[in-house]
Amino acid sequence: MAVRAFWDALAANIHRLTLAEWIQIISAIGAVTAAVAAASAARSGRGAARTAAKQLPELQKQVEINAAQAKVADEQVVLAQEMLKAASAAAREAARARTDERAPLVVALLEAPQWPPLVDATRDRMPYGNELRLLDHRSVAQAEAASPARLFARDGERHQLLWFQTRGVLINEGTTTARVRLDDEAQFVEATAARRERLLRPGEVARFEWGAGHTIAEWADAREKPEPPNPLGACFLTITVFDSFEHGIFDHIHVVMSGRPIVPVDDSFDEVRLASRESEAEMGVTVFPTRRTYRSDGSRRDPLPWDSTYAAWWRQNGRRTAERA
């Protein structure tokens, strides 16, 4: 009603208004329009707020449902991955079992090192690849049996090589033919074109011999400094067995010959000599359980069975090239 009265009064007096009064009237109309728009917006905002307040619990509930579904989905993914891993492992083990059924199985048996050892005054280390092999008849001929009566001063002839011979047999207890490869300082006793590699048929036995050693100074160091375990008192051999199947096996038989054949004279290492008795030298041979790898697994480099035993010494002194791995 007030607005209608305003417009009636304006119409009746419109011809009497001055410019200033027209400006005031237009400003007032603008203010009223703005106020009306603000009131309308406020009413719309209050309505939207009331609507949002009603919908918020439902939205919160939906968020919680979605989170729970996402958690279940993640758990299902993890479960599926575990099932895939288990299935892959089962398939791999089944394939390995089939491979084992047709694979050769070679067993190694070795004698104790021959006593007394040999000493070679012409060698100051184990032979390199292109040098005369240790078990060559010429090498054996130039060596002589070591004697406890001979003394070696600390700065004297301790550079000479003191080495041992031992013999062993390889037996193929499997159902298929094996290829057997020996390290450089081991060889098969039977004369063959390849002294370090041969075929071993099921049930067949092959005799082999192995020679290895250290200088007298190194053997003395193993006796004088036994802790941490000193690899200068050990010699290492690896026998490799494999078959001819595409998805076949590689077996590694690791052997250690160790002891302390050099002893001090009068409890002083200024002079040393060979032990008087074999038992005093504590020489022995250890054959570790066979380690099998499968061609299907690809190539890999596993730690050798003696790595942990001599790790502390190697950290202090560096890895010895005399080690045959």
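When the alpha carbon gyration tensor of region 140-238 is reduced to an equivalent ellipsoid, the three semi-axes, largest first, read 35, 16, 10 Å. Compute the orientation-averaged projected area for region 96-152 from the convex hull of its Cα atoms and round it to one decimal in nm². Orientation-averaged projected area of the Cα hull: 7.4 nm². Sequence-ordered 3J(HN,Hα) estimates for region 254-263 from the Karplus curve with 6.51, -1.76 and 1.60 and θ = phi - 60° stand at 9, 10, 10, 10, 9, x, 9, x, 9, 10 Hz, glycine and proline given as x.
Can you give me the Kirkwood hydrodynamic radius for region 216-308, using every pair of distinct Cα atoms, in Å to one decimal?
Values: mean 1/r = 0.0642 Å⁻¹.
Across region 216-308, the inverse of the average 1/r is 15.6 Å.
Positive end of the dipole of region 91-228 (Cβ unit charges, origin at the Cα centre): among I216, A141, A178, the Cα lying farthest that way belongs to A178.
Write down Rg/Rh for region 93-209, rounded to two decimals, with Rg from the C-alpha atoms and Rh from the Kirkwood relation over Cα pairs. Value, to two decimals: 1.12. Placing dummy labels 7 Å off each Cα toward the beta-carbon, the span from E280 to R154 is 2.1 nm.
Using a 1.4 angstrom probe, figure out how much accessible area region 205-325 has per residue, in square angstrom, rounded to the nearest whole. Write down the numbers at each step before the final one.
Values: 5690 Å² over 121 residues.
That works out to 47 Å² per residue.
Extension gain for R201 to T177 (0.36 nm times residue separation, less C-alpha to C-alpha distance): 8.2 nm.
The values are calculated or read from the model by the stated rules, or taken from the named source; none is laboratory data. Only a predicted model underlies this, so the values are computations on that prediction, with no experimental measurement involved. Cβ: placed from backbone, ideal geometry, glycine included. Neighbour counts: every protein chain shown. What goes into the accessible areas is simple: the full protein's heavy atoms, side chains included, and nothing from ligands, DNA or RNA. Shrake-Rupley method; radii C 1.70, N 1.55, O 1.52, S 1.80 Å.
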